[in-house]
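Reviewing the structure listed below.
Derivation of every value follows stated rules applied to the coordinates shown; laboratory data play no part. Note that the structure is a prediction, hence the values are computed from the model and not measured. Note that each Cβ is placed from the backbone with ideal geometry, even for glycine, and that neighbours are counted across all protein chains shown.
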Amino acid sequence: MTSLLDVRDLVVVYDTPRGRVVALDGVSLDLEAGETLGIVGESGSGKSTLGLAIGQLLPWNSRRLSGDLSVLDLSVFGGDDERLRRLRRDVLGFVFQNPMTALDPTMRIGRQLARAIGPRATRDSVRALLSRVGLAGAGRIEQSFPHELSGGMAQRAAIGMAIARNPRLIVADEPTASLDAWLRDQILELLISMCSATGASLVLLSHDLHVVSRYCRHVAVMYGGRIVEYAQRETLFRRQAHPYTRALLESAPGAEGPDGRLRPIQGLPPVITESSRGCAFAPRCGWMKDLCNDVRPEMQLTRDRSVLCHRAEEVLACRSGA
Amino acid sequence: MSLIVRGPFASILDFARRDRLSGIGAVLLASLVLLGLIGPVLPLGDAEEIGVGPRLAAPAADWLLGTDELGRSALPRIVEGLRATFLLASMAVILTGILGTLVGLTAAYAGGIVDVAIMRLVDVLFAFPPLLLAILIAAVLEPGGTSAIIAISLITLPLFVRVVRAVALSIVERSYVIAAEVSGAGFLRVIVFHLLPNVLGAVIVQLTYALSIGMLVESELSFLGLGVQPPDASLGSLLRLGSVYLTAAPWLVFPAGLLLAAAILSVNLLGDGLRDLMDPLRGRSLR
Amino acid sequence: MRIFRFIAFRLGIALVTLFGVSIIVFMAVHFVPGSYEDVILGPFGTPETRAIVRAKYGLDRPAVEQYLHWLAATARGDFGTSLTTGQPVAAEIIRRAPATIQLAVMATLLAIAVGVPMGIASGVTSTSQFGRTAGRLVGALGASVPVFVLGTIFVFMFSIWSLGLTVGGYVPLFEDPLTNMRAMTLPVVTLSVFGMALIQRTTRDSVLSVTSETHVTAAVARGERPPDIIRSHVLRNASIPIVTVTTVYFAYLLGGAIIVEQMFSVPGVAVYVVQSVRNRDYLAVQAGVLLAATVFVTINILADIVYALIDPRIGGKRSQS
């Protein structure tokens, strides 16, 4: 059976001037058509690398060490440039963090949209696309350059370019991080409505667990280049099997303790230079025991979720934080 | 920067190993500088002695790179010339680097009318074609090493001032500079302790570019006979004399020309590598 | 509207710059050892004849008055007469201008024709270690060979195999194009190698920095083809630094191709100015240097207008300096 997105044990590293950095340390993931998946992680967790890998848009100083990533059964690492290009053009749509840098600063919006639509673009199809993304201000926006638009309008235009050819899968990496807070919901609503209107799947990458779970049916939590917990959003919110997921929820606004304070996660996210021997979260984890440093946890499938923790059952069983 | 943290020697080696071209540039530059420095004590023969061999003799065991029109051995003269070129250009460039950095920092930090005045003055310097400016200076002050140094300084000064000012402007607004001001740090203190460390990287990169320009300008001036004056020699003046006998004695021209190009190349390779290190331009594959 | 304000602003700065240049040139020339009397009369001047010369050139008046007088005359296009030949300086410069302009234009065009494609190629191949190294090496090599070394090599080579090219023997382009080209090819090539390297390096860096931007990743993500991406999204965005260095290079060639003009006996303006420096022909030096600087700032204003055409974000009071 053909799945839309199939990631198998993907390991991606960057060669930097300071040495090798492991960005993805064995990621596996499946996505069916029509799904909405939110991927949550701090910066450095590997979520952006995963997002770029979906279109094989990784920077040239990165290397895939092992594993694979296929979209509609085509491996993006297969080396067939022409097929990859067709995949990007017809199946995938990308939305980036900052619309001001994701749009060509020297080209008018109308022309950029027309290029995204393809050779059969007309004035009318550009206008139609603009009104689909809520920019029906005819003429004026077409003639504008990106710097003449507000951030919210620019992101709408960028979303328009991403959906111009009705992709099957939209990947949005922090699409609202550079926008004012009050615009956030508008833009995410737009993305979701575009997906449900066309039946496209959505992969939404964000650092904000609450935002992700408001818009996506499934949530994957990433830490240290691995997916540490994956479940439906209701399941995840009810109870967390991974200490990191729990810590994320407890450190987010709205989860203040009795003293009115948030409990930030102690320590800093890791920069890993080789595949972790044990659990990457162990140094910051309240549940840590010797095993966690020495034995690499493998993904366990439980009744309602996948989790990457030696003590998952104990964590699940425990109601409050450690 | 890891350059400073890990101890200079280890990180220089590391840098040279990762970036082959810069490594080659650094090794080439170091050996040429060394050659210039220890040249006088090497058993190459006397640079000044007339009549070591016949006039315009082809290379032979006793005069490895031939002899010039006065029968002087060419090899020690080339080493002398290399030394003069390096010495003049680097003296000028180091002086200018210091001056330009201070002026650029002052412009950025003082702002207002001081900034405008400095930048317009820099515009004026930049508006002169470099070699023409150098020739004018040589005419005002007698041709020679001093006027070459002043010319190189005035030509390369805009490089430092503009870059340092641009980098410093981006930091002046930052909180720690404002914090330093609030806590009562004076003008000089802010410049030396808060701005200077942050522009050093950019200054080092500009130093290499300025050195390459300085060597070009010095050799061009000397080639025109307006640089160092006989009996002193620089690579440019050797080429000037040699080109008279170009077809009769090409050995007077090509080794000196090659050495000059190699010296400038080594500086350029190193400079490109350093700039890459400070400001990596990654680019992306379009496929 | 905004563009006119922008141009007016740049014009103002250019005038200030030229004012500064004129003061420096005037002062410099007055500090050159020797005096008008020495140049004109040689060792045979008597106190009386010296006084006549001084009065003729207004040297007996205060320096500020001399300066203003000179500036006013220059602004009218009157550059004075040569102290050594007695001929008008302006006429001599106009006579020599075509050779200099031809040299500069051809060398710049050749440098662009070679440098831009090479820069684009090394920019987009810089994603491999080999491409990166090759691009950097080529650029560094071209920028490291002094023009007189290259010229000497060419003179030597073509003294053995002439290939129909000549060293010297310039005739004006429109008089005899073929002979002109035979004489101009070597100087043009010699002069343009540095420009090729300069433009290649700038283009490479600029292309690299544009392809590092998100909007290029976005274009790749939309499945656009590499040649389309280069044409539509990279070139325009990368062109401002290229225009900048090409402009500076061209402007300096117009005023400073001294060595090449001299080596290849091209009767241009630069050699004239340098000869004038040697002959202490003060008025010719003043005129020549000020002219070179004027050409420089004028061409830079044109470049500013080109920037505003290339990049819609430019045009306000955004200063380049």
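Averaging over all projection directions, find the projected area of the Cα convex hull of the range A:102-166 and quote it in nm² with one decimal place.
3.7 nm²
Roughly what % of DSSP beta bridges within the protein assembly as shown run antiparallel, to the nearest 5?
65 percent
Give the Rg/Rh ratio for chain C, taking Rg as the radius of gyration of the Cα atoms and Rh as the Kirkwood radius, to two decimals.
Using only Cα positions, Rg/Rh for chain C is 1.06.
Provide, for q = 0.23 Å⁻¹, the log10 of I(q)/I(0) from a solvent-free Debye sum over equal Cα point scatterers in the range A:90-136.
-0.99
Return the Cα extents of the range B:19-74 along principal axes one, two and three, sorted largest first, each rounded to a whole Å.
Rounded to whole Å, the extents work out to 47, 21, 17 Å.
Which whole-Hz couplings ³J(HN,Hα) result when phi for each residue of the range C:96-103 is put into the Karplus expression 6.51 cos²θ - 1.76 cosθ + 1.60, θ = phi - 60°, listed in order with x for Gly and Pro?
With the stated coefficients, the range C:96-103 comes to 8, 4, x, 5, 5, 5, 4, 4 Hz.
Would you please give the residues with an amide H less than 5 Å from that of A:THR36, counting only those at least 5 places away or on a separate chain, with H modeled from the backbone geometry?
A:LEU202, A:ARG217, A:HIS218
Across every pair of different alpha-carbon atoms, what Kirkwood hydrodynamic radius in Å does the range C:53-164 reach?
19.4 Å
Based on the Cβ-Cβ distance of B:ASP279 and C:GLU48, what FRET efficiency does E = 1/(1 + (r/R0)^6) give at R0 = 56 Å, to the nearest 0.05?
It comes to 0.25.
What is the magnitude of the charge dipole of the range A:102-166 about its Cα centre, with +1 placed on the Cβ of each Lys and Arg, -1 on the Cβ of each Asp and Glu, and no other charges, expressed in debye to the nearest 20?
With Lys and Arg at +1 and Asp and Glu at -1, about 200 debye.
How big is D for the range B:190-280, in µm² s⁻¹ as a whole number, if Stokes-Einstein is applied with the Kirkwood radius of its Cα pairs at 25 °C and 0.890 mPa s?
163 µm²/s
Counting each DSSP H run of 4 or more residues in chain A as -39500 (n - 2.57), what helix-only mean residue ellipticity at 222 nm follows after dividing by all residues, to the nearest 500 deg cm²/dmol?
-9000 deg cm²/dmol
Based on the Cα atoms of the range C:165-268, what semi-axes does the equivalent ellipsoid have, where each is the square root of 5 times one gyration tensor eigenvalue, given in whole Å with the largest first?
Those come to 40, 14, 10 Å.
To the nearest 0.05, how large is the calculated FRET efficiency for A:ASN61 and A:SER275 if R₀ is 22 Å and r is the Cβ-Cβ distance?
E(calc), rounded to 0.05, equals 0.75.
For chain A, what is one quarter of the convex hull surface built on the Cα atoms, given in nm²?
The directionally averaged projection comes out at 17.8 nm².
Provide C:THR49, C:THR294 in ascending order of the number of other Cβ atoms located within 10 Å of each residue's Cβ, fewest first.
C:THR49, C:THR294
Of A:SER125, A:LEU103, A:GLN155, which is farthest along the charge dipole of the range A:102-166 in the positive direction, counting Lys and Arg as +1 and Asp and Glu as -1 at C-beta?
Of the options given, the answer is A:SER125.
Read phi for every residue in the range B:108-125 and hand back ³J(HN,Hα) as whole Hz from Karplus 6.51 cos²θ - 1.76 cosθ + 1.60, θ = phi - 60°, with x for Gly and Pro.
Computed from phi, the couplings for the range B:108-125 are 5, 7, 6, x, x, 5, 4, 4, 4, 4, 4, 5, 5, 5, 5, 4, 4, 4 Hz.
Per residue of A:27-33, count partner chain C-beta atoms within 10 Å of its C-beta, then hand back the mean as an integer.
Average per residue, whole number: 0.
What is the ratio of the Cα radius of gyration of the protein assembly as shown to 2.2 N^0.38 Å, with N the residue count, to two decimals?
That ratio works out to 1.14.
Within the range C:30-91, list the trypsin sites (Lys or Arg not before Pro) lying in a DSSP loop whose Cβ has at most 16 other Cβ atoms in a 10 Å radius.
Qualifying residues, ordered by number: C:ARG76.
For labels at C:PHE156 and A:ALA136 in the simple 7 Å Cα→Cβ model, what's the distance in nm?
So the two model labels end up 7.7 nm from each other.
Roughly what angle does helix C:47-56 make with the longest principal axis of chain C, taking Cα atoms, 0 to 90 degrees, to the nearest 10?
50 degrees
Pop a pseudo-label 7 angstrom from the Cα along the beta-carbon direction at both A:ASP90 and A:SER150 and give the gap in nm to one decimal.
Going from the A:ASP90 label point to the A:SER150 one covers 3.9 nm.
I'd like to know how chain B sits against the 2.2 N^0.38 Å rule of thumb: what's its Cα Rg over that expected value?
Normalised Cα radius of gyration, chain B: 1.17.
Can you put A:CYS279, A:CYS195, A:CYS318 in order of Cβ neighbours within 10 angstrom, beginning with the fewest?
A:CYS318, A:CYS195, A:CYS279
Using +1 at the C-beta of Lys and Arg and -1 at the C-beta of Asp and Glu, which of B:LEU136, B:GLY97, B:SER153 has the Cα lying farthest in the positive direction of the dipole of the range B:56-165?
About the Cα centre, the residue reaching furthest to the positive side is B:GLY97.
Let me spell out the model: positive unit charges on the Cβ of Lys and Arg, negative unit charges on the Cβ of Asp and Glu, origin at the Cα centre of chain A. What dipole size does that give, in debye rounded to 20?
Using only the charged Cβ atoms, the result is roughly 560 debye.
For a quick check of your reading of the filter: which GluC sites (Glu not before Pro) in the range A:12-106 sit in a DSSP loop and have no more than 14 other Cβ atoms within 10 Å?
A:GLU32
For the residue pair C:LYS56 and A:GLN186, what label-to-label distance in nm results when each label sits 7 Å from Cα along the Cα-to-beta-carbon direction?
Calculated label separation equals 8.0 nm.
Between A:GLU42 and A:GLN266, what FRET efficiency comes out of the Förster formula 1/(1 + (r/R0)^6) with R0 = 22 Å and r the beta carbon distance, rounded to 0.05?
Plugging the Cβ-Cβ distance into 1/(1 + (r/R0)^6) gives 0.95.
In chain A, what percentage of the DSSP-assigned beta bridges are antiparallel, given to the nearest 5?
Once the DSSP bridges in chain A are tallied, antiparallel ones form about 65 percent.
Filter the trypsin sites (Lys or Arg not before Pro) in the range A:258-322 to those in DSSP coil with at most 15 other Cβ atoms within 10 Å of their Cβ, and list the result.
Taking the range A:258-322 and a limit of 15 other Cβ atoms within 10 Å, the loop trypsin sites (Lys or Arg not before Pro) found are A:ARG261, A:ARG277, A:LYS289, A:ARG303, A:ARG319.
Would you list C:ILE40, C:ILE199 from fewest to most Cβ contacts within 10 Å?
C:ILE40, C:ILE199
Expressed in nm to one decimal, what extension gain is obtained for the pair B:LEU37 and B:MET91 from 0.36 nm per residue of sequence separation less their Cα-Cα distance?
Between B:LEU37 and B:MET91, full extension yields 18.0 nm more.
Quick one: which residues, 5+ away or cross-chain, put their amide H under 5 Å from the amide H of A:VAL171? H built at 1.01 Å from N.
The answer is A:GLY93, A:PHE94, A:VAL95, A:VAL203.
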